[in-house]
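Just so it is clear, none of the values below were taken in a lab; they were calculated from the coordinates. Remember, predicted model here, so these are calculated numbers, not experimental data. Glycine gets a Cβ as well: all are built from the backbone with ideal geometry, and neighbour counts include every protein chain shown.
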Amino acid sequence: MRRTVVLDCDPGQDDAVAILLALASPGELEVRAIMAVAGNVPLVRTVDNALRLVELAGACVPVHAGCARPLLRELVTAEHVHGETGIDGADLPHPAREPEREHAALAIVRHLSDPTAERPTLVATGPLTNVALALTLAPDLARRLDAIVLMGGAVGLGNVTPAAEFNMYVDPHAARIVFESGARIVMFPLDVTHQVLVTEERLGRIRALGTRSARAVAGMLAFYRGRGRTGGAREGPLHDPCTVAWLVDPGLFCGRAARVEVECESPLGLGRTYVDLHGTTGRPPNAEVMLQADAERFFELLVERLARLP
Ligand code: RIB
Ligand code: CA
C-alpha cells in the first residue's frame with residue numbers, strides 16, 4: 001500500500017537527494033508536503049532550497065517553514081560541509097513559488113492526522129525540532145503514525161563531536177522528545193549511512209543520465225563528497241536518502257530493535273545516542289535501528305529513480 005509521507009529536512013545536499021528520490025517514487029510514496037528546519041544552514045536557506053528542489057523535480061508539493069532554531073540550544077550550522085547555500089554545486093534558479101503560511105509543525109499534524117492519509121509516515125532528515133513540536137502539539141499523532149523514519153544518531157562515534165551525530169547534536173532535547181514519544185521509530189544512524197558512499201564510479205553513473213536533475217545531483221555530490229566531516233567517511237556518505245530508500249525497498253537495509261536514549265546533560269556527550277543493542281538497560285526497545293546497507297542495490301535504485309525526473 002502507498003504511504004502518505006511528509007518529509008522534514010534541512011537541505012543540505014544529502015537531504016536534496018532524499019527529496020528527489022521521494023518525489024521520483026509516486027508509486028510507493030504520496031509526498032503531501034515538505035517541511036524545512038534550521039540545521040545544515042539557517043532556515044531561510046533550507047526553505048529556499050526545498051522550494052528550488054521541488055521545482056527541479058517538476059513537482060507541485062507545498063513547502064512549509066518550520067523552526068529557525070533548536071528548542072533550547074543556540075543554532076549550530078554546517079556551511080563548512082554543505083557550503084554557504086547548503087546545496088552548493090546544484091546551481092538551481094530562484095524558486096517561482098513561496099512557502100506556505102502555515103508553520104511546518106502545524107502542517108505535520110494536519111497532513112498526518114488526515115483520515116485519507118494511508119500509512120502516515122514522517123521522514124526526518126534534519127534536527128528534530130519541528131517533529132518534536134508537532135508531537136508536543138498533538139501527542140496522539142505518535143499513535144496514529146505508521147512510522148517516523150529518521151536519519152540521525154550513532155551507535156559508535158559521532159561526526160560533529162566524538163560523541164554526537166550532527167542532527168542529534170543540534171537539537172538533543174527535540175530528539176529526546178521524539179524517542180520518548182511512543183511513536184514507531186526507524187532510525188538510520190551513521191553506522192549504516194557510512195556504508196552508502198558516493199564513489200567516483202557511482203557519481204559517474206548519475207552524471208551519465210544527462211538530465212537537469214541528474215546534473216544538479218552530480219554537482220551537489222561532487223561538492224559535498226570532497227567536504228566529508230572529520231571522522232566521517234571521505235567519499236561522501238549519502239546519509240538522508242537511506243530513509244526514503246528504505247520506504248521504497250525495505251530489503252535494502254537490515255537492523256534490530258533497541259532502546260535509544262539521547263544525552264541532554266553532559267557538555268562533552270551532548271546529543272549522543274545511547275543505542276542499547278544488547279538490552280543491557282532492561283528498558284524496552286523504542287526504535288528499529290538499521291545497521292547494514294546494500295549500497296550497490298541502493299545506488300541502482302537511486303539511479304533508476306533519478307532517471308524518471310526531468
Ligand atoms: O550527520 C548527518 C546529517 O546531518 C545529515 O542529515 C546531514 O544532512 C546533516 O543534516
Ligand atoms: Ca539533513
Checklist outcome for this item: Under the 7 Å Cα-to-Cβ spin-label approximation, residue 266 and residue 304 lie apart by a distance in nanometres of 4.3
Checklist entry - Can you give the % of DSSP beta bridges in the chain that are antiparallel, to the nearest 5? => result 30
Next on the checklist: Let's test the formula: R0 of 25 Å, r as the Cβ-Cβ distance of residue 1 and residue 91. What FRET efficiency results, to the nearest 0.05?
Outcome noted: 0.10
Next on the checklist: 5 Å is the cut-off here: which amide hydrogens, built 1.01 Å from N in the peptide plane, fall below it relative to residue 29, excluding neighbours closer than 5 in sequence?
Outcome noted: 3
Checklist outcome for this item: Highest mean packing first, using Cβ neighbours within 10 angstrom, the peptides 78-90, 247-259 sort as 78-90, 247-259
Checklist outcome for this item: Output ordering of 294-301, 205-212 (per-residue mean of other Cβ within 10 Å, highest first) is 294-301, 205-212
Checklist entry - What shape does segment 1-114 have by the C-alpha gyration tensor, where a ≥ b ≥ c are the square roots of the eigenvalues, rounded means a/c under 1.5, and otherwise prolate means a/b greater than b/c and oblate the rest? => result oblate
Item to check | Pairwise label distance in nanometres, residue 184 with residue 113, each label 7 Å out on the Cα-Cβ vector | outcome: 2.1
Checklist outcome for this item: By the C-alpha gyration tensor axes a ≥ b ≥ c (rounded if a/c is under 1.5, else prolate when a/b exceeds b/c, else oblate), the shape of segment 219-310 is oblate
Checklist outcome for this item: Expressed in angstrom and rounded, the centroid-to-centroid distance over alpha carbons for segment 35-94 and segment 113-189 is 18
Item to check | Among 31-38, 158-165, the order from most to least packed when residues are scored by Cβ within 10 Å on average | outcome: 31-38, 158-165
